Amino acid sequence: MTDVLIVGAGQAGMQIAVSLRDNGFEGRIELVGEEPHGPYQRPPLSKAFLHGAADIESLELRSPSFYVDNKIVVVPDEKVLKVDLSGERGLATTDTGREIHFDKMALATGSTPRRLPTEGAELDGVLYLRGIADAVELKKRWDAAANVVVIGGGFIGLEVAAGARMDGKQVTVLEAMDRLIARAVSPETSEFYRAAHERRGTSVRLNAKITRLVGEGGAVTGVELEGGEVIPADIVMVGIGVIARGELADQLGLETVNGAIVVNEFAETSDPRVVAAGDAVLLPHPLGGDAQVRLESVQNAVDQAKTAAKTLAGVREPYRAVPWFWSDQADLKLQIAGLSTGYDQTVVRGTPDDESFSVLYYRAGRLIAIDSVNAVSDYMAVRKALGSGSTIPAEQATNLETPLKTLVVE
Amino acid sequence: MPKVTYIQPDGVETTLDARDGDSVMETAVKNGVRGIVAECGGACACATCHVFVDDAFAAKVGEPGPLEDDMLDGAASDRQATSRLSCQIKMNDDLDGLIVRIAPEQV
Ligand SMILES: Cc1cc2nc3c(=O)[nH]c(=O)nc-3n(C[C@H](O)[C@H](O)[C@H](O)COP(=O)(O)OP(=O)(O)OC[C@H]3O[C@@H](n4cnc5c(N)ncnc54)[C@H](O)[C@@H]3O)c2cc1C
Ligand code: FES
């Protein structure tokens, strides 16, 4: 019988375990994670959790009895330090000194927040947000904090900024680039979010050049910008992107790019005994083509994990899925379907100032993605269209009288 | 703890005790009830937790909110009169005995 070791008990690791059983895999499954919790969902950490609308138990992805019933051995609070594949069977060693023998391995190690390379970054009150421990730390200081500075205008930073503003704090977002969420959305969507956050009372500073963080008695008190201005801060929340956790893959000599584990469309790494899925990987574009992408989303973690599990169970099925993502900022629901990378045309449907609109992305005349803000029907129509390889003519998409789903053509 | 019963498209039934305040979706997913995919984990962003509420409970459960309503329009299985996204139904003692049928297609 085959024994599978899954390293990383997060969204993807959990899904690999569950999908292995769904595919009839009968061998031993051990899911080892360094966090002191079983697998849980991260998205609420920057949303409901900050307002007390979600407790730790409600974040659990499965109940403890589910794992027992499905013979999935979940080992929290243990980190895999070393892996050796030179013998007939693989051997992993953990930080408790335990040795785990296995036949096949899945790396679902996720990613870790990029650290701020700035003077003063080690001050107390400079926080990152990846796991429950970070969220608890943030929440501990939340009520007492009057001034919150968010460094980095990406999804997580903006979600925390929106939450802080809703709770009545003075909030400043510092973004180094000339627009928000620049890596993921078009200038139209970026500009909408800048204006929307400003309307809610958050100060958004683009092209911000931070010189250092200043503090008193070891605790942060402000962020100094070029020119000497200091923005007061009780909390500095840093959200400047994540780094894939490819340490073990590097150790094994697997192919990686900037830490991200390179996989093929079957979620296989360069060693056939090892699959990988989730935030930690660089994968072929899930809708085909030559491009390689990194996707940091629940959808990708789940769907790619399903592919990885099939591969482990001996079922060859390439990963094909329409990528999708959401971000909740105050009462603004952003939903993204498809990948806009490489677009050459955008069409704005609706009026951004009404806070309900969509941006459709085209490449060589074909629809490739959508950002919808409080425009669920547009999003659902495009997600379905992309899933069936269909498109929506750009010149008709602006007509608000006509639902997008009626405009879908081959 | 309020009870909730899930009926699969093939008729198989599962009855579970729900934690007060947990959604009908969470209760199902945490205990491995098949057919409720719930990819977004309850953010009302995926429409893969679609159920048909038993007529006897439809009034008590109530109507979907505007956002959920639009999501349901795009759900993989055609919506019916008592369609709801199960992540948006929070369990409480009032809903004890709730019966939902799981929509046949979710993705
Ligand atoms: C605050 C926040 C908000 C988010 N919001 C959204 C959202 O709204 N929508 C969305 O689609 N996505 C969102 N995401 C992204 C989403 O949560 C991730 O894409 C997803 O969790 C990736 O799953 P994963 O399994 O690859 O990684 P993770 O869930 O991070 O799991 C990896 C696990 O592996 C463990 N690990 C790593 N190395 C080892 C080792 N050597 N030994 C043992 N354990 C190890 C880590 O500690 C971690 O627990 C959000 C993320 C965060 C942090
Ligand atoms: S779980 Fe995604 S909409 Fe209900």
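Against the numbered list (1) in a helix (DSSP H, G or I); (2) of a type outside the set (D, E, K, R); (3) more than 16 Å from ligand 1 (Cβ to nearest atom); (4) open to solvent by 10 Å² or more (accessible area, probe 1.4 Å), B:Leu67 comes up short only at (3).
Per-residue answers, yes or no, for (1) among the aromatic types (Phe, Trp, Tyr); (2) within 14 Å of chain B (Cβ to nearest Cβ); (3) open to solvent by 50 Å² or more (accessible area, probe 1.4 Å):
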site: A:Glu265; (1), (2), (3): no, no, yes
site: A:Val275; (1), (2), (3): no, no, no
site: A:Gly288; (1), (2), (3): no, no, no
site: A:Asn300; (1), (2), (3): no, yes, no
site: A:Arg320; (1), (2), (3): no, yes, yes
site: A:Asp331; (1), (2), (3): no, yes, yes
site: A:Ile336; (1), (2), (3): no, yes, no
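Inspect all residues belonging to the stretch B:31-53 and state whether any of them is in a helix (DSSP H, G or I), within 14 Å of chain A (Cβ to nearest Cβ) and within 15 Å of ligand 2 (Cβ to nearest atom).
For the stretch B:31-53, residues in a helix (DSSP H, G or I), within 14 Å of chain A (Cβ to nearest Cβ) and within 15 Å of ligand 2 (Cβ to nearest atom): absent.
Note on the stretch A:21-38: among residues that are in contact with a Pro (Cβ under 9 Å, 6 or more places away or on another chain) and of a type outside the set (Asp, Glu), the one that is most open to solvent (accessible area, probe 1.4 Å) is A:Pro36. For the stretch A:280-332, which residues satisfy the criterion of being in a loop (DSSP other than H, G, I, E, B) and within 16 Å of ligand 2 (Cβ to nearest atom)? Correct list: A:Ser297, A:Ala321, A:Val322, A:Pro323. None of A:Met166, A:Met177 is touching a His at 6+ places or on another chain (Cβ under 9 Å) and open to solvent by 10 Å² or more (accessible area, probe 1.4 Å) except A:Met166.
Of the numbered criteria (1) more than 14 Å from chain B (Cβ to nearest Cβ); (2) of a type outside the set (S, T, N, Q); (3) assigned to a helix (DSSP H, G or I), the one A:Leu45 fails is (1).
For the stretch B:19-54, the tally of residues that are touching an Asp or Glu at 6+ places or on another chain (Cβ under 8 Å), on the phi < 0 side of the Ramachandran plot and open to solvent by 20 Å² or more (accessible area, probe 1.4 Å) stands at 3. The single condition among (1) of a type in the set (Val, Ile, Thr); (2) touching a strand residue (DSSP E or B) at 6+ places or on another chain (Cβ under 8 Å); (3) surrounded by fewer than 22 Cβ atoms within 10 Å (Cβ to Cβ) that A:Val18 does not meet is (3). Restricting A:Gly153, A:Gly168, A:Gly157, A:Gly163 to those that are part of a loop (DSSP other than H, G, I, E, B), under 20 Å from A:Asp328 (Cβ atoms) and within 16 Å of ligand 1 (Cβ to nearest atom) reduces the list to A:Gly153. The residues of the stretch A:180-198 that are without any contact (Cβ under 8 Å) to a residue 60 or more places away in the chain, of a type outside the set (Lys, Arg), under 19 Å from A:Ala161 (Cβ atoms) and exposed (fewer than 15 other Cβ atoms within 10 Å of the Cβ) amount to a single one, A:Glu198. Counted as qualifying within the stretch A:56-142 are the strands (runs of 3 or more DSSP E) with 1 or more residues that are more than 19 Å from the chain's Cα centre (by Cα) and either within 14 Å of chain B (Cβ to nearest Cβ) or within 16 Å of ligand 2 (Cβ to nearest atom) (or both), namely A:72-75.
Scanning the stretch A:343-350 finds no residues that are surrounded by 14 or more Cβ atoms within 10 Å (Cβ to Cβ) and within 16 Å of ligand 1 (Cβ to nearest atom). Residue pairs whose Cβ atoms lie under 6 Å apart, sitting 6 or more positions apart in sequence or on different chains, and linking a residue in the stretch A:224-235 that is closer than 15 Å to A:Thr118 by Cβ and without any contact (Cβ under 8 Å) to a residue 12 or more places away in the chain to a partner that is of a type in the set (Gly, Ala, Ser) and open to solvent by less than 70 Å² (accessible area, probe 1.4 Å), do not occur here.
The values are calculated or read from the model by the stated rules, or taken from the named source; none is laboratory data. Quick caveat: nothing in here was measured; it's all calculated off a predicted structure. Note that each Cβ is placed from the backbone with ideal geometry, even for glycine, and that neighbours are counted across all protein chains shown. Please note that ligands, DNA and RNA were not included when accessible areas were found on the heavy atoms of the full protein model with its side chains. Shrake-Rupley method; radii C 1.70, N 1.55, O 1.52, S 1.80 Å.
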